[in-house]
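Engineer: Quick one: structure below, then a few questions.
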Amino acid sequence: MKHARKELFFEVPQRRAYLNITPQVETFVRESGIANGLCLVNPMHITAAVYVNDAESGLIQDFDDWLERLAPHEPTDQYRHNNGEDNADAHLKRQLMSHQVVLPITDGKLDLGPWEQVFYAEFDGRRRKRVVLKAIGD
């Protein structure tokens, strides 16, 4: 069994952002040399998420609106976690989305459905964060 690991780094200027990282994950899988196996995509921060869905701008805005309704940023004093910070909502938003995803690798390629794309969701941006990619297989 082979394995490969790579880190991606992101620093978005705004508090929330949704980045399509499918091309980076596909490149990693291709360069890993793994023909059949699994690829883990994991944000290494508790205020970010990774998820798989359609790359359609209306859907991305719907996600953002939905998350903001469920865990609004303001008023910040509604959260016990915000004792010197203002990112409690980001922790909750991360829990509502996917902490990490495991994707199939088939014949050396990421094996996604016809509309599936891999996204990095940032909920407390303005600083450098990383995503780890880990592939295992033959």
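The values are calculated or read from the model by the stated rules, or taken from the named source; none is laboratory data. The shown structure was predicted, so the numbers you read here are calculated from the model rather than taken from an experiment. Cβ coordinates were reconstructed from backbone atoms using ideal geometry, including for glycine residues, and neighbour counts include every protein chain displayed. Ligands, DNA and RNA are stripped out before the accessible areas are found, and what is left, the full protein with its side chains, is counted by its heavy atoms. Shrake-Rupley method; radii C 1.70, N 1.55, O 1.52, S 1.80 Å.
Engineer: Any idea how many residues of segment 42-78 are of a type in the set (A, V, I, L, M) and out of contact with any strand residue (DSSP E or B) (no Cβ under 9 Å at 6 or more places or on another chain)?
Structural biologist: 3
Engineer: Further, regarding this structure: Only one residue in 59, 67 is crowded, with 18+ Cβ neighbours inside 10 Å and out of contact with any His (no Cβ under 9 Å at 6 or more places or on another chain), so which one is that?
Structural biologist: After applying the criteria, what remains is 67.
Engineer: Given the condition over 18 Å from residue 19 (Cβ atoms) and aliphatic (A, V, I, L, M), answer yes or no: does some residue in segment 98-105 qualify?
Structural biologist: yes
Engineer: Another question, then. Taking segment 102-138 on its own, how many of its residues are in a loop (DSSP other than H, G, I, E, B) and open to solvent by less than 30 Å² (accessible area, probe 1.4 Å)?
Structural biologist: Of the residues in that region, 5 qualify.
Engineer: Looking only at residues that are among the hydroxyl-bearing types (Ser, Thr, Tyr) and in contact (Cβ under 8 Å) with a residue 24 or more places away in the chain in segment 42-88, which one is farthest from residue 16 (Cα to Cα)?
Structural biologist: Within segment 42-88, the match that is farthest from residue 16 (Cα to Cα) is 51.
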